[in-house]
1. Scan the range 146-157 and report the pairs whose first residue is without any contact (Cβ under 8 Å) to a residue 60 or more places away in the chain and whose second residue is away from the ligand (no atom under 13 Å from the Cβ), with Cβ atoms within less than 9 Å and a gap of 6+ or a chain change.
2. Looking only at the range 109-141, how many residues end up being without any contact (Cβ under 8 Å) to a residue 60 or more places away in the chain and within 15 Å of the ligand (Cβ to nearest atom)?
3. Return the pairs, sorted by first residue and then second, in which the second residue is at pLDDT below 95 and not in a helix (DSSP H, G or I), the first residue lies in the range 176-192 and is closer than 17 Å to residue 312 by Cα and within 12 Å of the ligand (Cβ to nearest atom), the beta carbons are less than 6 Å apart, and the residues are 6+ apart or on different chains.
4. From the list 243, 232, pick out the single residue that is assigned to a strand (DSSP E or B), in contact (Cβ under 8 Å) with a residue 24 or more places away in the chain and within 16 Å of the ligand (Cβ to nearest atom).
5. Can you find a residue that is surrounded by 14 or more Cβ atoms within 10 Å (Cβ to Cβ), assigned by TED's automatic domain parsing to the domain that holds residue 285 and in a strand (DSSP E or B) anywhere in the range 199-206?
6. How many of the residues making up the range 293-316 are more than 10 Å from the ligand (Cβ to nearest atom), surrounded by 19 or more Cβ atoms within 10 Å (Cβ to Cβ) and on the phi > 0 side of the Ramachandran plot?
7. Within the bounds of the range 261-277, is there any residue that is at pLDDT below 95, within 15 Å of the ligand (Cβ to nearest atom), closer than 30 Å to residue 142 by Cα and surrounded by 14 or more Cβ atoms within 10 Å (Cβ to Cβ)?
Ligand code: PHE
């Protein structure tokens, strides 16, 4: 390579080395191998040379051009490497940082109780049914022998919705799960209508209906949203004795206590006659000796049986409504109902 070519190649190397970005490098490259670049100009100049000189000069220029392109390729790679290295540094992850802990979740204590209730009653042949929380006046009250203006309506301070039902009376947030008695019975009667019409006996109704209920009430033992679990057993020969057996069995299984005592205390509900409040008494432990109310109950009132679409002369049975929140408090020794609905993880994680 002649001296002039040598110095052009060195100039290119220096210019490439000084280019700090890919754009600067491409500009520098243009000055050598671009359309008006030094090498390109030299190539053009070959035309005026005699043939033998043309050959050797041409070959020399090509060698210089290859050297420049080699240097260019190296610099391109070096700039790309530097850019990648910078990016990796900027977006660096510190894999040695401790992670954000995620503890395993668990069921809410009231959900644990509802599961337990369902399991125990299922083992006694009860179905489990679900129903609406926004109810018609008829289902929540009238069908349960509690018509408008009946004084027993004031037993529950009910939330009403701003929308009228078909009867022109506003819908309510069900203050108890008892409307499920009539809803489920209707479903059951419909389901077995064909068989009954064909002369077969209707299977007994045996169901529990757990779910959310609402009342205008709030203190340490009352929450505007709480849970109830309705029970209904209706057939041609179901008596108060069966209620006592079923509910006693349930409570003793639920609390894992064979000597748990039960008391059926006379009471009033429009939809049962006779009616009883059910109290339980532990024989040992911190609550021993005290009578604790856990449910309302009674023999289903003939007017309610009629509203179910059944003949009260033929069908008889009992219903009960218990408070799963209360059962949860008793089982775990919780003294404030509101704790269940505050969502405080420190409280809830104890039941995990
Ligand atoms: N629904 C009643 C209440 O909320 C409880 C109950 C249910 C009573 C079924 C008798 C029969 O207090």
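The values are calculated or read from the model by the stated rules, or taken from the named source; none is laboratory data. Since the structure is predicted, the reported quantities are computational estimates derived from the model, not experimental observations. Here the Cβ positions follow ideal geometry from the backbone for every residue, glycine too, while neighbour counts run over all protein chains shown.
1. So the pair list comes out as 148/137; 148/142; 148/169; 153/147; 156/216.
2. Final tally of qualifying residues: 4.
3. Listed by first residue and then by second, the contacts come to nothing, as the list is empty.
4. Unique residue meeting the criteria: 232.
5. Within the range 199-206, one or more residues are surrounded by 14 or more Cβ atoms within 10 Å (Cβ to Cβ), assigned by TED's automatic domain parsing to the domain that holds residue 285 and in a strand (DSSP E or B).
6. Selection size over the range 293-316: 0.
7. No; the residues of the range 261-277 include none that is at pLDDT below 95, within 15 Å of the ligand (Cβ to nearest atom), closer than 30 Å to residue 142 by Cα and surrounded by 14 or more Cβ atoms within 10 Å (Cβ to Cβ).
For every residue, the table says whether it meets (1) closer than 19 Å to residue 2 by Cβ; (2) in contact (Cβ under 8 Å) with a residue 60 or more places away in the chain.
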| residue | (1), (2) |
| --- | --- |
| 24 | no, no |
| 31 | no, no |
| 41 | yes, no |
| 63 | yes, yes |
| 80 | no, no |
| 92 | no, no |
| 99 | no, no |
| 107 | no, yes |
